[in-house]
C-alpha cells in the first residue's frame, strides 16, 4: 500500500473491477486474491470458528402474538408521536411554516388562470416538478 493512502480507498480500488481500465487484468487480480484468501490460515480459522458457533446456536423460541388491544397500541403510538413533536417544537414549527408558505405560493398560481386544460397544463407540470 502506498504511503499517505487511505487504506479503505486502496482496498476498494484493488477489489473493485467495475471501473478498471484493463478489465481482464483486474478480474485476474481479483481471482488471485480470492484464491489466496481461500488457501490462507485466516480463512480456515474463520471457517472453524463459524462452524463451532453454528453448532452452539439454539433456535429462537416461537413468540406468541401480543394480547394487547389494537386501540391501545394505536393510542400508545400516537402518544409517542406527540411526545416526539413536543420535544422538537422548533423543527415542527419551521416545517409547518414552510408548508403554509408553499401552499400560499402554489395557491396563488391558480388565481388568474383560465379554466381550460391548455391554460393549466404547464403549471401542473411545474408544480409536480417542485414537489
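Observations on the structure shown:
- In the set (1) under 26 Å from residue 2 (Cβ atoms); (2) touching a helix residue (DSSP H, G or I) at 6+ places or on another chain (Cβ under 8 Å), the condition left unmet by residue 26 is number (2).
- Options 100, 73: the member that is free of Cβ contacts under 8 Å to residues at least 24 places away in the same chain, surrounded by 11 or more Cβ atoms within 10 Å (Cβ to Cβ) and assigned to a helix (DSSP H, G or I): 73
- Residue 126 being part of a helix (DSSP H, G or I) and at pLDDT below 80: yes
- Scan of region 6-23 for residues that are touching a helix residue (DSSP H, G or I) at 6+ places or on another chain (Cβ under 9 Å) and surrounded by 11 or more Cβ atoms within 10 Å (Cβ to Cβ), ordered by number: 14, 15, 16, 17, 20
The values are calculated or read from the model by the stated rules, or taken from the named source; none is laboratory data. What you see is a predicted model; the values in this text were computed from it and never measured. FYI the Cβ positions are ideal-geometry reconstructions off the backbone, even for glycines, and counts take in every protein chain you see.
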